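Right, one structure below, let's go through it.
Laboratory data are not the source of any read-out in this text; all were calculated from the coordinates shown. Source: prediction; values computed, not measured. FYI the Cβ positions are ideal-geometry reconstructions off the backbone, even for glycines, and counts take in every protein chain you see.
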Amino acid sequence: MFKVSRRDGQANLLELLVCSITRGSTSIKSNGEYRDSSGQVETAMPNRRQDQVGTNGFFIWTYGKFYMFCLIAVICFFLLEYSDYTETSSIRMLPKMIKKNEMKEVHKVETKGVTKGLPPSRKTIVNIVGKHNTTKPASAQQNSSRQSNSSQDLTDFKRTHFMTANGQGRLGNQLFQVACLIGTAFRHNYTPFIPRNHRLNRVLDLKQAKDIHMTNIARIGEGKAMAYNSKVETLSHDKNWTLNGYFQSWKYFHHCRHEIISSFKFKQNTKRKVIEILKTINAKGRPLIGVHIRRGDMSSSSEMKRGYNVATPEFITKAFAYFRNNTNKPLFLVVSDDPRWCKTHAHGPDVIYAGTGSPETDMVLLTYCNHTIITSGSFGWWGAYICGGKTVYFSNFPRNGSWLATIYNHDDYYLPEWIGMQ
């Protein structure tokens, strides 16, 4: 232990502390002498002492600032990472909602009274989907995101909040997420957007728009992945929202089906590939039945234990027979991740194996058909939904008593007009 005694009753505390630390176990007497731990008296050396106090005091002051900076940085990190009210995101609008498409270096949007500017080096371009009604309830107009006076070409977005969804899974899952985003945003008169790194930007033909920097984001989860969560109907209108989950239910978005279909426009090069495929088929006016048979990972033992099960040959036979009996000379276009199985169990003179191995190309091919047969999985679901017409699906999904069955609601997942078979 070191002791520090006051010198002439007026010793500077910081000065004495520095001296004590730098000289070890030393006492400073009122007469200016130094005594070490053995009691030996050292002659007071004012100049040396002053030099030590100045030098070591500088280092303590410097290190103190450094540690204080680190502490503040850690606190800020946790606030930004875990607070629902300090997140930021930049967004890109659909051309229907803006008047111009020029990009500016910095665009400012005010959210809850805080105006933020986005530097060019941090710009994150994203895409908006759907058509948005900017008329908001009176309660939602308070504390809303307002347009900067310097950006007169975003007048469509005055006094509106924003909503986005996290991209998870593959193509079918992501279409569910974005469709739920559009449907929920329509329900609450919010502006929907997806980040630039969202996979759908590489698949769908979405156009660029303005950068916007927003704050005050809250989150809502899906509840059960394959069931409807009614909490999306009662979101508060004083913040921006992020949807976390898969949201696999038609009830989230079927009320704006037309807007969903018009927003899910695949890229032109993908459409051209499908048109070339259809030319080689030369259907000559025959009705096309798109058939998606999902096996692959769902046929593995681990997925079967979770509750996934693949369609049986009996289902394929019944589904084909339904359209052969109810349509005039149908032509079946089969896409699958297991073409060998399909050639054994889904065959006939009116069957064509048209799969390309490209998810987006196969999806567009299904949407170009008149009717659809699907087994299981969100990919085939969306092929049928966008296609329209009649849909026959494998109803023995998921397996009863399985884990998957606990997060599944049949009426929420399949449209009531779709036809289930086993």
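Using only alpha carbon pairs under 8 Å that are at least six residues apart, calculate the relative contact order of segment 222-290 and give it in whole percent.
Numbers: 26 pairs, mean separation 19.5, N = 69.
Relative contact order comes out at 28 percent.
Tell me, ILE316, ILE194 in order of fewest to most beta-carbon neighbours within 10 Å? Could you put the intermediate results ahead of the total?
Values: ILE316 23, ILE194 26.
Ascending number of Cβ neighbours within 10 Å: ILE316, ILE194.
Which value, in debye to the nearest 20, describes the size of the charge dipole of segment 264-367 about its Cα centre when Lys and Arg Cβ atoms bear +1, Asp and Glu Cβ atoms bear -1, and nothing else is charged?
Numbers: 17 positive and 9 negative charges, 74 e Å.
Here the size comes out at about 360 debye.
Using modelled amide H (1.01 Å from N, peptide plane; none on Pro or chain starts), what sits under 5 Å from the amide H of TYR353, excluding residues fewer than 5 places away?
Result for TYR353 returns VAL334.
Would you be so kind as to identify which of PRO313, LEU333, ASN229 lies farthest towards the positive end of the dipole of segment 212-336, taking Lys and Arg as +1 and Asp and Glu as -1 on Cβ and the Cα centre as origin?
Of the options given, the answer is LEU333.
Which order do TRP403, TRP418, TRP241, TRP250 fall in if you start with the one that has the fewest other Cβ atoms within 10 Å?
Numbers: TRP403 13, TRP418 18, TRP241 26, TRP250 23.
So the ranking, lowest neighbour count to highest, is TRP403, TRP418, TRP250, TRP241.
Using alpha-carbon positions, what is the distance between the centroids of segment 305-342 and segment 224-260, in Å?
Taking the Cα centre of segment 224-260 as reference, the centre of segment 305-342 is 31 Å away.
Read phi for every residue in segment 168-175 and hand back ³J(HN,Hα) as whole Hz from Karplus 6.51 cos²θ - 1.76 cosθ + 1.60, θ = phi - 60°, with x for Gly and Pro.
9, x, 9, 4, x, 4, 5, 5
For a protection proxy built on the mean count of beta-carbon atoms within 10 angstrom, sort 346-352, 220-226 highest first, please. Mind dumping the intermediate values first?
Values: 346-352: 14.3, 220-226: 18.7.
The densest-packed peptide leads the list: 220-226, 346-352.
Can you give the extra length, in nm with one decimal, that the chain gains between GLU233 and ASN325 once fully stretched, where that is 0.36 nm per residue apart less the Cα-Cα distance? Please list the in-between numbers first.
Numbers: separation 92, 0.36 × 92 = 33.12 nm, distance 4.23 nm.
That works out to 28.9 nm of additional length.
Could you line up THR356, THR280 from fewest to most neighbouring Cβ atoms inside 10 Å?
THR280, THR356
Starting from the Kirkwood Rh over alpha-carbon pairs, what translational D in µm² s⁻¹ does segment 274-422 have by Stokes-Einstein at 20 °C and 1.002 mPa s?
Values: Rh = 15.5 Å.
For these conditions, the coefficient is 138 µm²/s.
Using θ = phi - 60° and the Karplus curve 6.51 cos²θ - 1.76 cosθ + 1.60, what whole-Hz ³J(HN,Hα) does each residue of segment 256-268 get, with Gly and Pro shown as x?
10, 4, 4, 5, 4, 5, 5, 7, 7, 9, 6, 5, 4
How large is ³J(HN,Hα) for each residue in segment 190-203, as worked out from phi by the Karplus curve 6.51 cos²θ - 1.76 cosθ + 1.60 (θ = phi - 60°), to whole Hz, x for Gly and Pro?
Taking θ as phi minus 60°, the curve returns 9, 9, x, 8, 10, x, 5, 7, 5, 4, 4, 5, 8, 10 Hz for segment 190-203.
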